[in-house]
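Have a look at the structure below before the remarks.
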Amino acid sequence: MEIILQSDSLSANYIAARIIARQVRQKPESVLGFATGLTPLPLYQFLIKMHRNEGLDFSRVTAFNLDEYVGLDPAHPASYHSYMQDNLFAKINIDKHRTHIPDGLARDIPASCLAYEEKILAAGGIDIQVLGIGSDGHIGFNEPSSSLASRTRIKTLTVQTRKDNAGFFGGEDKVPHHVITMGLGTIMDCRMCLLLAFGKKKARAIAQAVEGPVTAMVPASILQMHPRAIVLVDEDAASELQRAFYYRWVYDNKPDWQKY
Ligand code: GLP
């Protein structure tokens, strides 16, 4: 794992944006995996700015999102379809037909999950997957106890996650119980993972995911087994890391050819 510690979330998001921009410039037909939540919003703002000011071209990019709520109309303001449209897709030149988000209204959920996996494969796999982390250590919506080898499927949210996401719905009771999420095995198949985490609320999950044992009880800890996982954190999210000094030194002393 590469742990990049920044004094504030904006500079961490900017590094993530530069990594994605470089990928898209090197390979215009890149496959990008996107996440939702409050965490990656500044990253998407940077990508929109790069598109507008530097001509960063998304016209040949294919996108796959991590997850969606079951039973929620895509037009619902709290759906991840709406989120992606409002915060990124409508503001860059991505081809709508190349954007994919799990179908929360699918009649046959297992078949639709299988089809999602097949679409990722047919696109050649995901080059960079953006990830946030839940306060309980989940990535995507893979809650604690998720199989470390899981594929796209239906999951049930924990009480904690429903509380954490209540703000988007105007009350905890309105948050759906069920979701469709890429599995941990699906995420592990991508060629690079960019995990972003900011604020004190994420400090414990980050310490467990980065420095704790690999365990299904902290789903993000599976990223320790990924050959190219980058964790971008601010001071608060890094506050429970034992080896912060070391990570900072490593980043500050990278050889020029390794810099982002
Ligand atoms: C939800 C999403 C995750 C996201 C997490 C953290 O559970 N499914 O992909 O990482 O929320 O959200 P936030 O960034 O708002 O803290």
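Please treat every number below as a calculation from the coordinates, not as lab data. Since this is a predicted model, take the numbers as computed values, not measurements. Note that each Cβ is placed from the backbone with ideal geometry, even for glycine, and that neighbours are counted across all protein chains shown.
One table, with the values for the structure above:
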quantity: Rounded Å value of the spacing that divides the Cα centres of region 134-160 and region 186-260; calculated: 18
quantity: Net lengthening on full extension, Glu235/His178 (0.36 nm per residue, minus Cα-Cα); calculated: 17.2 nm
quantity: Quotient of Cα Rg and 2.2 N^0.38 Å for the chain, N being how many residues it contains; calculated: 0.95
quantity: Whichever lysines have a C-alpha closer than 17 Å to that of Lys201, once near sequence neighbours (fewer than 8 apart) are set aside; calculated: Lys163
quantity: Cα coordinate range in region 171-260, projected on the principal axes (Å, largest first); calculated: 48, 29, 25
quantity: Spatially proximal aspartates and glutamates relative to Lys174 (Cα-Cα < 13 Å; intrachain offsets below 8 disregarded); calculated: Asp164
quantity: Inter-site label distance for Met225 and Thr156 at 7 Å from Cα along Cβ, in nm; calculated: 2.5
quantity: Which of Lys201, Lys155 has the fewest Cβ neighbours within 10 Å, and the rest in rising order; calculated: Lys201, Lys155
quantity: The chain - percent relative contact order, Cα under 8 Å, separation 6 or more; calculated: 25
quantity: Along each principal axis, Cα extent of region 100-234, largest first, Å; calculated: 39, 39, 22
quantity: Kirkwood hydrodynamic radius (C-alpha pairs) into Stokes-Einstein, region 1-133, 4 °C and 1.567 mPa s, D in µm²/s; calculated: 84
quantity: Phi-based couplings in Hz for region 33-43 (Karplus 6.51, -1.76, 1.60; Gly and Pro marked x); calculated: x, 10, 10, 10, x, 6, 3, x, 4, x, 4
quantity: Amide hydrogen neighbours beyond the local backbone of His100, cut-off 5 Å, H modeled; calculated: Ala63, Phe64, Asn65
quantity: Within the chain, helix-based [θ] at 222 nm, where runs of 4 or more DSSP H residues each add -39,500 (n - 2.57), nearest 500; calculated: -9500 deg cm²/dmol
quantity: Asp252/Ser59 FRET efficiency (R0 51 Å; Cβ-Cβ; nearest 0.05); calculated: 0.90
quantity: Cross-link pairs beyond the 21 Å C-alpha cut-off, checked among Lys96/Lys155; Lys49/Lys91; Lys96/Lys259; Lys49/Lys96; Lys27/Lys119; calculated: Lys96/Lys155; Lys96/Lys259
quantity: For Gly199, distant residues with modelled amide H under 5 Å away; calculated: Asp234, Asp236, Ala237
quantity: Interchain or long-range residues, amide H under 5 Å from Ala35's placed H; calculated: Val130
quantity: Computed Kirkwood radius, in angstrom, where 1/r is averaged over Cα pairs of region 27-89; calculated: 12.7
